[in-house]
Amino acid sequence: MKKNIVLCGFMGSGKSTVGRLLAEKMGRKLIDIDYYIVKKEKMSIPQIFEKYGEEYFRACETQACKELSQLSGCIISTGGGTLLREENVIEMKSNGVVFLLDVNADVVLSRLANDKTRPLLQREDKETAVKTLMQQRSPLYNRAADHIVNAELPPWQVCNKIMEIYSSNC
Ligand code: S3P
């Protein structure tokens, strides 16, 4: 059974873009966990956060991981908070290889300067929010990852790197 390729990393690390490229180049199905939840809940992520709160969204992520770990041979793009929960990591790794898309805070801040879709970053002090979250999350991302890829490079290069690692290791 072909393992899933699971993309992990901070908001703005390029998980969705690289996921699309991988799916196209490898002829595999792409599942974006954020989109999966949005479709199921029939609400946007900001609406879910506003109406039910972050904990509810995290429960949706955990449920999605349980369901998606049944698949094989897919590209799964996680949300920036998905693989912070140990149980989600266990589910995703049960049939997947986790790639961390590694970026620094300045790259995230420039990529998401005008973003309105990430509830956790809708604040005056966006820079502090990104830096603090990143510091808290980095060890957990690193722990979840089977492989770490420099995602400050253009998406097509990140995609090629992942394909190279996947084909020689998996
Ligand atoms: C989140 C990241 C978002 C989305 C939600 C929460 C996070 O996904 O799941 O806004 O906690 O980092 P992206 O990483 O795709 O932006």
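Bear in mind these aren't lab numbers, they're just calculated from the coordinates by the rules spelled out. Please read these numbers as outputs of a predicted model, since none were measured by experiment. Please note: Cβ atoms are built from the backbone with ideal geometry, for glycine as well, and neighbour counts cover all protein chains shown.
Residues of segment 59-100 falling in the label zone of LYS29, defined by backbone nitrogen less than 12 Å from a point 7 Å along Cα to beta-carbon, are 68-76. Rounded to the nearest 20, the Cβ-based charge dipole of segment 1-47 about its Cα centre (Lys and Arg +1, Asp and Glu -1) stands at 260 debye. Here is the size of the chain from its Cα atoms: Rg then Dmax, 15.1, 47 Å.
If you look at the Cα atoms of segment 1-62, you get an Rg and a Dmax of 13.4, 40 Å. Sort out the exposed loop trypsin sites (Lys or Arg not before Pro) in the chain (DSSP loop, at most 14 other Cβ within 10 Å) and tell me the longest stretch that has none. That gives 43-115 as the longest site-free run. The aspartates and glutamates within cross-link reach of LYS2, meaning a Cα-to-Cα straight distance under 18 Å and a gap of 8 or more places when in the same chain, are GLU24, GLU67, GLU91, ASP146, GLU164. Projected over every direction and averaged, the convex hull enclosing the alpha-carbon atoms of segment 73-170 yields 6.7 nm². Do the alpha carbons of any pairs in LYS93/LYS161; LYS3/LYS131; LYS25/LYS131 sit beyond 25 Å of each other, and which pairs? Result: LYS3/LYS131; LYS25/LYS131 exceed 25 Å.
Just add up the charged neighbours of GLY80: K/R +1, D/E -1, any other residue whose Cβ is under 10 Å from the Cβ of GLY80.
Working: positive: LYS15, ARG118, ARG137; negative: ASP34.
Result for the neighbourhood of GLY80: +2.
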